[in-house]
Amino acid sequence: MDEITLAIGWCDGDVELLDALTEKVDPKKTLIHFSNWRTDGYDENYPSYVASPRARAFIAKGAGMGFHILPHCNSIDMDPTHPAYAYLRDFQYRDVAGKGLLGWGYEREEGVLSVPNSNVSLLENRQRKVMVKIHPGLGMWRSILAENIQQGLADLPVDAVFIDVTLCTYNLHNGLVENLTSTQGMKRLIDHVAELETGASGGSGLAVGGEGLNEIIVQGLSFGQVHLFRSSGRSCKGLERAGGCALNALLFAGLARSFGYSGLSGRTEDEVLRSSVHLSLGAIPTLTRVSARDIRQPSPHVKQLLQMAVDRAG
């Protein structure tokens with residue numbers, strides 16, 4: 001964990017990127033968050049995790065070079081069209097006031113969508129990435145999730161995994177499930193996933209990356225993909241005043257390290273600002289959605305981050 005000097009976020013699985021990175025930095029000290037690795041589309045058909053042939057080739061090559069590749073999974077979101085939903089629907093997150101379903105939906109033209117509460121609509125909107133959140137206090141959910149992740153990673157040469165949405169633990173209408181709050185359940189879920197084995201884990205379990213960092217989930221995570229203040233999708237006004245106080249790095253040093261979430265390709269002035277704020281907060285230098293060309297013909301800021309990774313690697 002402490003040796004990582006560069007993080008690549010939202011990697012699409014282009015093997016040429018691996019070659020380009022190897023020309024610039026030490027693969028053994030580089031983390032790759034691999035979001036596009038399944039046979040299913042992104043944020044569809046969770047909790048099924050089956051690696052595509054293209055992803056298998058990428059992971060095999062990357063692992064052979066020494067990269068630490070984290071396949072993207074999800075901690076509590078599931079597709080309501082998945083067969084397991086029939087067993088889990090009674091334990092969906094429900095809003096503490098209105099009792100409506102909590103989850104996720106997305107459409108390119110509309111952005112983030114609310115979750116339909118009609119059974120019919122839940123089953124007819126996979127193209128809108130509709131997902132519901134299952135309470136992690138439910139032991140059956142933790143078992144189903146862990147079994148599917150285990151099957152998906154068992155024959156892949158990875159020693160780490162990323163599970164999304166670990167920061168989403170709320171005060172809920174159905175606050176207790178099996179006498180656990182969602183926060184307590186999330187801690188158990190992370191610990192369960194960390195105990196899984198792959199062909200490359202060497203009997204010591206998996207390093208787990210998650211979304212966000214707080215005093216509970218940090219106990220089980222090795223890496224946290226962190227958000228900037230009110231700037232997950234786009235930068236808020238006044239973001240330049242954020243940063244400068246690496247409180248998370250101070251509190252969680254030795255437990256987990258943070259890396260950036262989005263908008264970190266270094267191509268625009270705004271993305272340079274976002275990256276600079278992350279660095280001032282103690283995050284691992286992070287590049288998101290970059291190509292081999294971005295590495296071989298870097299912008300001034302990308303060049304700076306690559307050199308920073310080299311210098312920190314010693």
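Throughout, read-outs are computed from the coordinates displayed, never taken from laboratory work. This is a predicted model, so every value here is computed, not measured. Because the Cβ atoms are built from the backbone with ideal geometry, glycine has one as well, and the counts that use them run over all protein chains shown.
In whole percents, the pair-distance distribution calculated for the range 95-172 from its alpha-carbon pairs, binned every 10 Å from zero, is 14, 36, 37, 12, 1.
Pairs of C-alpha atoms in the range 59-208 farther apart than 26 Å represent 31 percent of all such pairs. The stretch between Asn179 and Asp270 holds 28.3 nm of extra length on full extension. This uses 0.36 nm per residue minus the Cα-Cα distance.
For the pair the range 240-314 and the range 6-29, the centres of their Cα atoms are 15 angstrom apart. The calculated P(r) of the range 3-147, using every Cα pair and 5 Å bins from 0, goes 2, 9, 17, 17, 15, 13, 11, 9, 5, 2, 0 in percent.
Using a cut-off of 30 Å between Cα atoms, the listed pairs Lys99/Lys129; Lys61/Lys133; Lys129/Lys187; Lys29/Lys129; Lys29/Lys237 include Lys61/Lys133; Lys29/Lys129; Lys29/Lys237 as exceeding that distance. Working note: 222 nm ellipticity from helices only, DSSP H runs with n ≥ 4, each -39,500 (n - 2.57), summed and divided by the residues of the chain, gives -9000 deg cm²/dmol to the nearest 500. May I ask you to derive the FRET efficiency for Val15 and Met308 from their Cβ-Cβ distance with R0 = 22 Å, giving the value to the nearest 0.05? Computed FRET efficiency for Val15 and Met308: 0.35. Under a point-charge model restricted to the Cβ atoms of Lys and Arg (+1) and Asp and Glu (-1), what is the dipole moment magnitude of the range 175-314 relative to its Cα centre, in debye to the nearest 20? My answer is approximately 520 debye. What's log10 of I(q)/I(0) for the range 190-248 at q = 0.22, 0.26 Å⁻¹, Debye sum over Cα points only, no solvent? For the requested q values the scattering log ratios are -0.89, -1.06.
Given R0 = 41 Å, the distance between the Cβ atoms of Ser121 and Ala60 translates into a calculated FRET efficiency of 0.50. Hey, for a label at Glu215 modelled as a point 7 Å past Cα toward Cβ, could you say which residues of the range 171-188 have their backbone N under 18 Å away? Counting backbone N atoms under 18 Å from the label point, the list is 171, 181-188.
A P(r) calculated from all alpha carbon pairs of the chain, with 10 Å bins opening at zero, reads 6, 27, 35, 25, 7, 0 percent. Helix 300-313 and the longest principal axis of the Cα set of the chain meet at an angle near 90°.
Estimated from the Cβ-Cβ distance and a Förster radius of 35 angstrom, the FRET efficiency linking Thr22 and Thr81 is about 0.30. Ranked for footprinting exposure by Cβ neighbours inside 10 Å, fewest first, His192, His33 give His192, His33. Seen against the Cα atoms of the chain and their longest principal axis, helix 15-24 is set at about 40 degrees.
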